[in-house]
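Trainee: Below is one structure. I have some questions about it.
All of the numbers you see were taken from the coordinates with simple rules; none came from a lab. Quick caveat, the model's predicted, so the values are computed rather than measured. Glycine gets a Cβ as well: all are built from the backbone with ideal geometry, and neighbour counts include every protein chain shown.
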Amino acid sequence: MSESVLKSILEESARLEWAKYENAPEHVFSKKHERKMKHSFKLFEKKSGRFVTHECAKSSHIRLTKKTVLVLLTILFLAVLAGGALFSFTSSNFRGRIYSDNTEIYAITTENCPATIEEKYYLPCLPDGYEVLQTDSTPFFEYISYYNVETEQSFLFCQHVKKDGDPFHLNTEGYYLEEIKVNNCCGLFIDFSSDDYIGSELLWDNGDYILELSGDIDKNFALFLAENAKVLES
């Protein structure tokens with residue numbers, strides 16, 4: 001295949017790819033993303049007391065012509081050919097796809113599971129010092145965030161129905177996705193900790209619901225909270 005023929009194929013491929021996005025609908029963020037962003041802003045308000053606004057310096061704007069975008073898409077297409085393909089992920093209770101910066105997760109077993117939240121879970125073994133920062137509730141999920149005033153640590157505890165069709169996007173860019181057990185239930189764990197930060201995310205399937213812990217917590221603390229989560233008696 002000559003260089004000119006390859007160039008023509010790539011340009012046509014990029015043109016067709018661009019055509020799909022010219023009239024693309026406005027992106028709508030998932031409820032999970034919205035809740036985590038609300039938690040982040042709430043936490044910022046809690047720590048700083050107020051938002052500080054400032055006027056940003058004016059910056060020059062780069063005009064992206066269609067030709068420029070076609071060239072960029074061609075480069076992106078070549079990068080994908082060079083090794084940016086997706087991989088499938090399957091564990092005992094979860095399946096999904098691995099992207100370069102995240103892993104998209106779905107529950108495998110959804111039959112005979114509640115279509116709405118029928119039993120609410122809570123954390124009875126929460127250590128002293130934590131207070132409720134924010135809550136949210138729908139027929140399909142329960143969400144609560146906690147904040148420790150003394151240590152300035154925070155974390156989220158969420159409960160999801162398994163049939164909502166909304167995938168979990170776990171940050172696996174540079175992090176290892178570990179299969180883990182929570183009271184004999186299958187789960188997934190990611191450790192975000194570094195030398196100056198403690199953080200993790202734990203997701204597990206208890207048979208009826210998907211439960212999730214994420215924030216400024218280490219593996220032992222996350223497992224302790226998860227293994228002691230109880231159904232709230234009405």
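Trainee: Can you tell me the order of 172-178, 154-160 when each peptide is scored by its average per-residue count of other Cβ atoms within 10 angstrom, highest first? Intermediate results must be reported in sequence, preceding the final value.
Mentor: Details: 172-178: 13.7, 154-160: 21.7.
Ranking the peptides 172-178, 154-160 by packing returns 154-160, 172-178.
Trainee: Can you order the peptides 220-226, 194-200, 95-101 by their average number of other Cβ atoms within 10 Å per residue, highest first?
Mentor: Details: 220-226: 18.6, 194-200: 11.6, 95-101: 14.7.
Result, highest mean first: 220-226, 95-101, 194-200.
Trainee: Roughly how compact is segment 85-174, stated as its Cα Rg over 2.2 N^0.38 Å to two decimals? Mind dumping the intermediate values first?
Mentor: Working: Rg = 16.0 Å, N = 90, 2.2 N^0.38 = 12.2 Å.
Scaled against compact globular proteins, the figure is 1.32.
Trainee: In addition: Computed FRET efficiency, Cβ-Cβ of Phe87 and Phe192, R0 22 Å: what is it to the nearest 0.05? Before the final figure, lay out the partial values.
Mentor: On the way: r = 21 Å, r/R0 = 0.97.
For Phe87 and Phe192, the calculated efficiency is 0.55.
Trainee: Using the C-alpha gyration tensor of segment 100-152, what are the square roots of 5 times its eigenvalues, in whole angstrom, with the largest one first? Display every interim value, and only then the final one.
Mentor: Numbers: eigenvalues 154, 66, 23 Å².
Semi-axes (√(5λ), whole Å): 28, 18, 11.
Trainee: Same structure, new question: I'd like the Kirkwood hydrodynamic radius of segment 116-234, using the inverse of the mean 1/r over distinct C-alpha pairs, in Å. Could the numbers behind the result be given before it?
Mentor: Details: mean 1/r = 0.0675 Å⁻¹.
Over segment 116-234, the inverse of the mean reciprocal pair distance is 14.8 Å.
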